Amino acid sequence: MSRTRYGLLIAGVLLVLVAFGACGGGGSGGGSPSGVAFLRSAGGPGSETAYAIATFSDGSSVVTGQFNGPTTWGLGEPNATTLVSAGGFDVFVARYQPDGRLAWAKRAGGAQTDRGQGIAAVPDGSCLVTGRFEDVATFGPGEGNQTVLDDVDDFGMVAATAASGTARVSWNIVETRVVS
């Protein structure tokens, strides 16, 4: 049985899906690059940085990072989405369909610097995002499961989204220190 493997490359918020030819069923499945499957970017007058990406078994992918100002994902597509940061940098999470079209893009954050630093694809289509936030950050703004987190210092967070991109739940990660 042969299959096509994909590799993802992130440069800023330039998402490139590279197809790696037919890979045999044995061994590590290397294969050589057979072409770019899709190339997508997001942008606006501010700054955008992608920090992590994950792929689902259906070939769709999710990416997270930080942005400030108005930023448009999927420019020229039916689902084009412009997100506006609440102040400094906010977290973004964007999901792309297997052919590279934007499925959805969401933001979370507050007036300070917030960023998504890691992301995991869950088999049910949802995703988990890890990162940091400062002061007060809103996850799922305007949604039924909207969560506002408040910190004492710059803390970590874990947020879960449904396959549709709606917020499920968000948690503070309290910093602990070992004193010897």
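The values are calculated or read from the model by the stated rules, or taken from the named source; none is laboratory data. Because the structure is a prediction, the values reported are computed rather than measured. Cβ coordinates were reconstructed from backbone atoms using ideal geometry, including for glycine residues, and neighbour counts include every protein chain displayed.
Can you pull out every residue in the stretch 133-162 that is modelled with pLDDT of 80 or more, in a loop (DSSP other than H, G, I, E, B) and crowded, with 18+ Cβ neighbours inside 10 Å?
Correct list: 134, 135.
Can you name every residue in the stretch 43-78 that is without any contact (Cβ under 8 Å) to a residue 24 or more places away in the chain and in contact with a Ser or Thr (Cβ under 6 Å, 6 or more places away or on another chain)?
68
Could you please find all residues in the stretch 52-68 being out of contact with any Asp or Glu (no Cβ under 9 Å at 6 or more places or on another chain), in a loop (DSSP other than H, G, I, E, B) and not polar (S, T, N, Q)?
56, 58
Restricting to the stretch 49-64, what's the tally of residues that are more than 15 Å from residue 128 (Cβ to Cβ) and either among the polar types (S, T, N, Q) or modelled with pLDDT of 90 or more (or both)?
Of the residues in the stretch 49-64, 4 are more than 15 Å from residue 128 (Cβ to Cβ) and either among the polar types (S, T, N, Q) or modelled with pLDDT of 90 or more (or both).
Within the stretch 88-105, which residues are at pLDDT below 90 and either at positive phi or aliphatic (A, V, I, L, M) (or both)?
100, the sole residue that qualifies.
Among the residues of the stretch 117-132, write down those that are assigned to a loop (DSSP other than H, G, I, E, B) and among the charged types (D, E, K, R).
Of everything in the stretch 117-132, just one residue is assigned to a loop (DSSP other than H, G, I, E, B) and among the charged types (D, E, K, R), namely 124.
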